[in-house]
1. Limited to segment A:182-196, what total is found for residues that are facing another protein chain (nearest Cβ under 8 Å) and in contact with a Phe, Trp or Tyr (Cβ under 6 Å, 6 or more places away or on another chain)?
2. Pick from segment A:192-211 the residues that are more than 18 Å from the chain's Cα centre (by Cα) and not acidic (Asp, Glu): which of them is nearest to A:ARG237 (Cα to Cα)?
3. List the residue pairs whose Cβ atoms are under 7 Å apart, where the first residue sits in segment A:160-172 and is under 17 Å from A:ARG143 (Cα atoms) and modelled with pLDDT of 85 or more, the second is of a type in the set (D, E, K, R) and assigned to a helix (DSSP H, G or I), and the two are 6 or more positions apart or on different chains.
4. Kindly establish whether A:ALA129 is within 17 Å of the chain's Cα centre (by Cα), assigned to a helix (DSSP H, G or I) and either modelled with pLDDT of 95 or more or within 22 Å of B:MET33 (Cβ to Cβ) (or both).
5. Considering every residue within segment A:155-163, establish whether at least one is touching a strand residue (DSSP E or B) at 6+ places or on another chain (Cβ under 9 Å), part of a loop (DSSP other than H, G, I, E, B) and either assigned by TED's automatic domain parsing to the domain that holds A:VAL216 or farther than 20 Å from A:TYR238 by Cβ (or both).
6. In segment A:94-114, what count of residues is obtained for those that are surrounded by fewer than 22 Cβ atoms within 10 Å (Cβ to Cβ) and farther than 23 Å from B:GLU25 by Cα?
7. Could you identify the single residue in A:GLY141, A:GLY179 that is under 14 Å from the mean Cα position of the chain (by Cα), at positive phi and modelled with pLDDT of 90 or more?
Amino acid sequence: MKLLITTTLITLVFLNGCQQIQQDDTAKHADMVSQKRGSVLIEKGIVELSDEQDHDKNVAGIDPETELYVVDNPDSIEVYVNKQRRLPEGYEPDDLVEPDVEHLSQQGVNRRLLRQEAAEALELLFEQADEQGIDLVAVSGYRSYERQKTIYQSNVANKGQEEADRFSAQPGTSEHQTGLAMDVSAASVSFLLDQAFDQTDEGSWLVEHAHQFGFVIRYPEGKTDITGYEFEPWHLRYLGEELATHLYEEDLTLEEYFGYHY
Amino acid sequence: MLGNIDMIKPCQYLTRFYHVIFTVEEKCVYLLMINLCYSVGSVIN
């Protein structure tokens, strides 16, 4: 009897998580909108580059503490961050929403969020996949700077910095902070973020079709030396249909497309 | 693979039944249960 009651209570809690009205999101969104991003674009203490250095590279300057380049276009759909390029301190997208797709987490948590345009594209991608018998599940989208810092520090503590840097981004350099990246998985790999995802029907489908919805596999196989990250067949990055299709057709990473690593 | 393999085996077993669930609401509850299971083993971060 106790087991039945406990099970029922747990189920009710979960149901609440699934059916939660989106008013929490609305409040969160309003909060985010109220934080004007303009105030974080120009950071105190960053070293400005000469016109020649930052020309066409969308760099505002160098953070003297981390020696990372600070991008000047964090709100651009084509914003380019990697191990050498980070977002401005305190950056938060102001148009985060929850895409209406199957997700491993309950409603109302940050990891369900994406920027509006990317969210709409992801909904279309999931819809098309579903029509073709491909059952995708979203796992991890937006991460705040603080959340990424916690994850990175945990990975460094558990695996050491060198190993952690192969798969985990330093805070400020994660694509998840842009609100334009979503990790996806499937039941066939137990919803894990595993390279075996590439061998599944779902992973293969994404390789062939993601660009049609504006997404790319950001860290492809065989390009670790270029991207700095191991193969992540689960990591989708939204770039818009035109650029995503170009990268897909030319087999390019963002690093190769821009032609510079910073 | 992320996480401790011994910790995630039970969660992986749970995922085998995902395909026999049909309604959106049931899928949602099921995914949350799996997520909770993985959270215990700190697999998904």
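1. Number satisfying all stated conditions: 2.
2. A:HIS209
3. A:PRO171/A:LYS149
4. Criteria not met by A:ALA129.
5. No - not one qualifying residue is present in segment A:155-163.
6. So the answer is 2.
7. Unique residue meeting the criteria: A:GLY179.
The values are calculated or read from the model by the stated rules, or taken from the named source; none is laboratory data. Computed from a prediction, not measured in an experiment: that's the story for all the values here. Because the Cβ atoms are built from the backbone with ideal geometry, glycine has one as well, and the counts that use them run over all protein chains shown.
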